[in-house]
């Protein structure tokens with residue numbers, strides 16, 4: 001089988017891998033520093049292998065330009081990460097290694113990985129959502145990664161915000177109290193004065209968090225009617241959160257959609273990633289395979 005290359009380009013770390021799938025993978029990881037240094041380390045990893053991959057897929061933090069017809073295809077665009085705005089990521093790898101390079105968001109890549117090897121096998125329309133330091137979503141619709149004028153920005157939808165019940169203003173520098181501004185990890189820490197993983201399971205933080213997640217999921221469900229929603233990221237590592245979110249989604253939908261998968265308790269509808277924290281890098285491999 002041909003070998004594929006994959007890069008999960010995160011704002012904190014890069015994960016580079018070469019292989020044919022989850023059971024055949026060589027990988028390395030290193031901190032995300034400057035673009036020049038980080039991309040040079042990625043190129044050096046692939047050059048050090050016995051043979052180059054047939055193609056490389058990159059799933060990147062963003063916003064990004066994933067349109068192959070665009071002059072800035074493969075660029076990270078308006079990111080707030082210092083030094084990385086308007087950075088060409090795909091171009092240097094393609095020029096240095098001479099292989100095709102596919103490029104998309106980290107969450108779209110993770111969605112593709114979950115369809116290829118994980119919790120979305122056999123599905124044609126689903127959402128992969130990550131809730132951690134930020135919130136991002138990727139979607140496959142009728143078997144194709146969803147793009148419009150650019151890629152989806154599911155973390156920045158606006159939610160009903162009862163300021164009497166939750167006076168926290170939100171931390172998003174663009175929108176304040178959008179979904180990410182109210183429910184990502186930094187919002188939990190700022191609102192409650194300690195990191196999310198230190199909050200006890202019965203803390204009121206989790207009921208509020210489940211409410212915001214369920215509001216967002218209900219909007220996605222009513223818009224795309226996905227066959228499944230996969231919820232990853234550090235915040236979703238809290239075992240008490242899934243049951244709370246499932247109950248709240250059932251309440252908000254109120255029986256409106258006659259879809260058997262959307263009946264209580266949603267245990268097979270709102271699920272964890274089948275690939276765990278490897279969804280991103282394996283999804284990048286799947287991008288390469290498509291290239």
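Since every read-out is calculated from the coordinates, none of them should be taken as a lab result. Treat the numbers as computed from the prediction; the structure is a model and nothing was measured. Every residue, glycine among them, receives a Cβ derived from its backbone with ideal geometry; neighbour counts consider all protein chains shown.
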Seminar exercise, completed: DSSP beta bridges in the chain: the antiparallel percent, rounded to 5, is 65 percent
Problem set entry | Fewest-first sequence of 223, 38, 79 by Cβ atoms within 10 Å of each Cβ | 223, 79, 38
Exercise. Out of [x] 17.9, 54; [y] 22.6, 97; [z] 19.0, 61, which label holds the value of Rg and Dmax of the Cα atoms in Å that was computed here?
Worked result: [z]
Problem set entry | Nearest-ten-degree value, helix 204-224 long axis tilted from longest Cα axis of the chain | 70 degrees
Seminar exercise, completed: For 1, 236, ascending order of other Cβ atoms within 10 Å (fewest first) is 1, 236
Exercise. Based on DSSP, what percent of beta bridges with both residues in the stretch 120-272 are antiparallel, to the nearest 5?
Worked result: 60 percent
Problem set entry | Ranked 242, 179, criterion: other C-beta atoms within 10 Å, fewest first | 242, 179
Problem set entry | Three-way shape call for the stretch 120-272 based on the alpha-carbon gyration tensor, with the a/c threshold at 1.5 | prolate
For this session: With a/c under 1.5 counting as rounded, go ahead and sort the stretch 76-180 into rounded, prolate or oblate using the C-alpha gyration tensor (a ≥ b ≥ c being the square roots of the eigenvalues; past the cut-off, prolate if a/b is larger than b/c, else oblate).
Result: oblate
For this session: May I ask you to compute the full-extension gain from residue 37 to residue 147, defined as 0.36 nm times their residue separation minus their alpha-carbon distance, rounded to one decimal in nm?
Result: 36.6 nm
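Using Cα-Cα distances under 8 Å and only pairs 6 or more residues apart, what relative contact order does the chain have, in percent?
Values: 601 pairs, mean separation 65.3, N = 291.
That works out to 22 percent.
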